[in-house]
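> Quick one: the structure is below, and I'll ask about it shortly.
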Amino acid sequence: MAVHIYSLSGLVHPERADVNVSLAEARLSDPPPDMAGALRFSIIKSQISASYSSEVPVASADSLRIWVESAIRGIVDTLGFTNGCGYDVEITQFFDLTSGAHLVFGVQDPVISSLKVFERLDVMDVVKLHGVPASVYLQHCFADLREAIRSPLDSGFFCYRALESLVQYYRQTHQLKTKTDAWAMLRDQTHSTEEDCRRIERAAQPVRHGQPRRYEPTERAEIMHLTWRIVESFVANAVKANAAES
C-alpha cells in the first residue's frame, strides 16, 4: 500500500525565545480515522519542520495543520511549564510530497471570516467600547474568541467562556441575583434562544471539566457561528448605546 508523506513547517512564538527540540515523535490526541499516521518533527531556533506519513490520504491540508499544530503545541507547552515561558505554535506551510501541492496557510479562520462581521460593525466604533463600563468584560470575551480561532480543538470551551463574560457583565451592572437571570437577560438582549446557549454549553462541558473531546468540522462551525452571532448582537447594542451617550 502506498504511503502518503506530507511536510509542514512553522514557528514557535515568540521567535526570540530560541526554542530547540531534537527530532521527536508526537502523538495526535484522539484523532479522526484519517489522522492515524506518524508525525515526526524538530525545532531549531524556534523554526518547526515536521513530516507526517500515513497509508490514508488526509482529508484536507487545514485539518492536518490543526492536528499537527495541537500535537507539537503539547510538546512545546511542556517546555513552557518547565521554563516558565508562554510559548505558542503556528504551522504556516504544507507540502504534499506525493502530489507536489504546496500551500501557505492564511491568517483568517474561514468559518468566521465568511460571516463578514466587518460589513455590519465598524471596527473603530467597536474600539471605542474600550472606554465604556462593558470594556473589561468585552476584553475577556474577545480574548476567548481569539483562542477559539487559534485552538480549534478547544473552540467549544472558549466560545462558552466568551459568553460567560457577557453574562457576568449583565449580572454585575444590573445587580442580578443569579446567573440564571443574567443568562436570560443576555438571551433577551441578543435575540438568542436558550437552546442556542445550551448547544454551546454542551460543546464546552467536557473540556471545562478536564476531559478532551474532538469536534467534527461541521459541529465546530455551528458552535462558532452561534457564538459570533450572539457576541455581534451584544456589541451592536453597546455601539448604539455608546453613540447615543456621546
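> Given the conditions (1) in contact (Cβ under 8 Å) with a residue 12 or more places away in the chain; (2) within 17 Å of the chain's Cα centre (by Cα); (3) over 13 Å from Leu163 (Cα atoms), report the number of the one that Thr218 does not fulfil.
(1)
> Only one of Ser165, Ser135, Ser151, Ser155 is out of contact with any Leu (no Cβ under 9 Å at 6 or more places or on another chain), more than 28 Å from Lys45 (Cα to Cα) and of a type in the set (S, T, N, Q). Can you tell me which?
The conditions single out Ser155.
> Can you tell me which residue among Ala24, Ala50, Ala17 is of a type outside the set (S, T, N, Q) and out of contact with any strand residue (DSSP E or B) (no Cβ under 9 Å at 6 or more places or on another chain)?
Ala17
> Pick out, from the stretch 1-89, the strands (runs of 3 or more DSSP E) lying fully within it that include 1 or more residues that are within 23 Å of the chain's Cα centre (by Cα), at pLDDT below 85 and crowded, with 17+ Cβ neighbours inside 10 Å.
Passing ranges, in order: 21-26.
Yes/no matrix, rows are residues, columns are (1) modelled with pLDDT of 95 or more; (2) out of contact with any Gly (no Cβ under 9 Å at 6 or more places or on another chain); (3) in a loop (DSSP other than H, G, I, E, B):
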residue	(1), (2), (3)
Leu121	yes, yes, yes
His130	no, yes, no
Leu138	yes, yes, no
Arg146	yes, yes, no
Leu153	no, yes, no
Cys159	yes, yes, no
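Matching residues to (1) under 25 Å from Ile149 (Cβ atoms); (2) among the hydroxyl-bearing types (Ser, Thr, Tyr):
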position	(1), (2)
Arg16	yes, no
Leu23	no, no
Ser42	no, yes
Ala61	yes, no
Val68	yes, no
Phe95	yes, no
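> Only one residue in Ala143, Ala162 is free of Cβ contacts under 8 Å to residues at least 24 places away in the same chain and not β-branched (Val, Ile, Thr), so which one is that?
Ala143
The values are calculated or read from the model by the stated rules, or taken from the named source; none is laboratory data. Every value quoted in this text rests on a predicted model; they were computed, and no experiment measured them. In this analysis, Cβ positions are derived from the backbone assuming ideal geometry, glycine residues included, and neighbour counts consider all displayed protein chains.
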